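The values are calculated or read from the model by the stated rules, or taken from the named source; none is laboratory data. What you see is a predicted model; the values in this text were computed from it and never measured. Cβ placement follows ideal geometry from the backbone for every residue including glycine, while neighbour counts extend to all protein chains displayed. Quick note on the areas: whole protein, heavy atoms, side chains included, nothing else; ligands and nucleic acids left out. Shrake-Rupley method; radii C 1.70, N 1.55, O 1.52, S 1.80 Å.
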Amino acid sequence: MIPPLGILGGTFDPLHFGHLRLAQELVEGLALSEARFIPAGLPPHRTPPFASPQQRLEMVRLGMAGNPLFSLDEREIFKPTPSYTVETLLDLRRELGATQPLCLFMGADAFLGLTAWHRWRELFGLAHIVVAQRPGVAGITRAAATLPAELLDELNRRLTNEPEALRDAPSGAILVHPVTALDISATQIRRDLAAGHSPRYLLPDAVLDYIQTNGLYKDTNGT
Ligand code: ATP
C-alpha cells in the first residue's frame, strides 16, 4: 500500500511555527509519508506577498531544514500566473500517478471558504482534504449551519473519522484532525517587525536571522 503524501500550500510570508507544527502533527498523526510544502507564487485570493518568491522559498528551506518528514516543492513559486491549487494537484497527479493518495492540508478557516477556490469541486477528485482542527475553535461540523449548501452536501458525503480512508482511495475523503492551537500568523509577525518588536519564539531562529540579514518587513505596516 502506498502511504499518502501530505501537501501544505501557503504564502509563507514568512514561514512560522504554526505551519511547521501543523505539518508535523498531521504527518505523524495520520502516518503519511511526508509533508510537501508548496509556496504559492501569486496567490489568487489575496494581496501580493511582501517578500519576493526567492526570499519566501529560502525562508521555507531554512525553517524546514533537517526534518526528514518535510520536503519543498518549487513548482508554484516562480510561476508568473496565479497559482491555482487544482492545477498544482493535476500536475502532481500526472507526476505521481493515479493511485498515489494525496492529502491537501488546510486550516478550518480555509475549508469554510472553499467554494471561492477555482474549480473547487475538482479538488475532491484529485486529493483528500485534511482539515486541521484547532482545539477550542468551533469545528467545521459545528459551523455546518453557516456552510454554503453545496459544500455542506460534499461534507456530508465525504466526511470520515477513519484515517484508513486516506489509504483506501487516492482522493475524495474529508478528514478533520486535531492539531495543537498555536495562535501565530505571518500577519502578526510582519506587524511585530514593522513596529520594531521581535517575533522571536514564533518562528525558527534561522528564518528570523534571514529576515534580519535581508531587512525584510521593516517598511511595511504588516498587513
Ligand atoms: P497571513 O497571516 O499572511 O495570512 P498565515 O500565517 O495564515 O499568513 P499562510 O501561508 O497563509 O500563513 O498559511 C498556509 C496554511 O497554513 C493555511 O492553510 C493556514 O490555514 C495554515 N496556518 C497558518 N497559520 C497557522 C496556525 N497558526 N495554526 C494552524 N494552521 C495555520
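Just to be sure I understand the filter: pairs with C-beta atoms under 6 Å, separated by 6 or more residues or on different chains, first member in the range 150-178 and within 11 Å of residue 103 (Cβ to Cβ) and open to solvent by less than 80 Å² (accessible area, probe 1.4 Å), second member in a loop (DSSP other than H, G, I, E, B) and β-branched (Val, Ile, Thr). Which pairs pass?
Close Cβ pairs satisfying both conditions: 170/99.
Suppose we filter the range 33-71 for residues that are hydrophobic (A, V, I, L, M, F, W, C), surrounded by fewer than 17 Cβ atoms within 10 Å (Cβ to Cβ) and within 15 Å of the ligand (Cβ to nearest atom); how many remain?
Number of matching residues: 1.
Kindly list the number of the only condition in (1) hydrophobic (A, V, I, L, M, F, W, C); (2) touching a Ser or Thr at 6+ places or on another chain (Cβ under 6 Å); (3) open to solvent by 20 Å² or more (accessible area, probe 1.4 Å) that fails for residue 17.
(2)
Taking the conditions exactly as written (within 15 Å of the ligand (Cβ to nearest atom) and over 12 Å from the mean Cα position of the chain (by Cα)), does residue 13 satisfy them or not?
So residue 13 passes the test.
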